[in-house]
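Since the structure comes first, as structure tokens, the remarks are kept for the end.
The values are calculated or read from the model by the stated rules, or taken from the named source; none is laboratory data. Please read all numbers here as calculations on a predicted model, not as lab measurements. For neighbour counting, all protein chains shown are included, and Cβ atoms are generated from backbone atoms with ideal geometry for every residue, glycine included. Side chains are part of the model used for accessible areas, which takes the heavy atoms of the whole protein and leaves out ligands, DNA and RNA. Shrake-Rupley method; radii C 1.70, N 1.55, O 1.52, S 1.80 Å.
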Amino acid sequence: MEEARHILELGFAETISHSNRTANKQALQLIPRRIESTRSAFYAQRKTRNYAKRQITWWRREPGLVWLRGFGEEPGIVGEAEAKVRAWLG
């Protein structure tokens, strides 16, 4: 919401290409109350899920990609990622 408000404060129209990025379109519609908050959240979540699916599809084609199970802020995952980078760098 803060990013969407900032876009409007800068004087950009709601229809600029940046407003079509994940969740920004819904936030820009929510600020002037063109859409109710529950619908806005639903569409933002759906758009985010679809974007994540496209990213996964893209990265699956990348040769040599190593997937880590967990979230990036988990200490175990951070340590595993650092170890794999160190091993790759030699």
- [ ] State yes or no: is Ile77 open to solvent by less than 60 Å² (accessible area, probe 1.4 Å), at pLDDT below 65 and of a type outside the set (D, E, K, R)?
- [x] no
Task: Positions within segment 20-74 being at pLDDT 85 or above and in a helix (DSSP H, G or I), in sequence order - done: Arg49, Asn50, Tyr51, Ala52, Lys53, Arg54, Gln55, Ile56, Thr57, Trp58, Trp59, Arg60
TODO: Name every residue in segment 55-74 that is of a type in the set (D, E, K, R) and surrounded by 10 or more Cβ atoms within 10 Å (Cβ to Cβ), in order of residue number.
DONE: Glu74
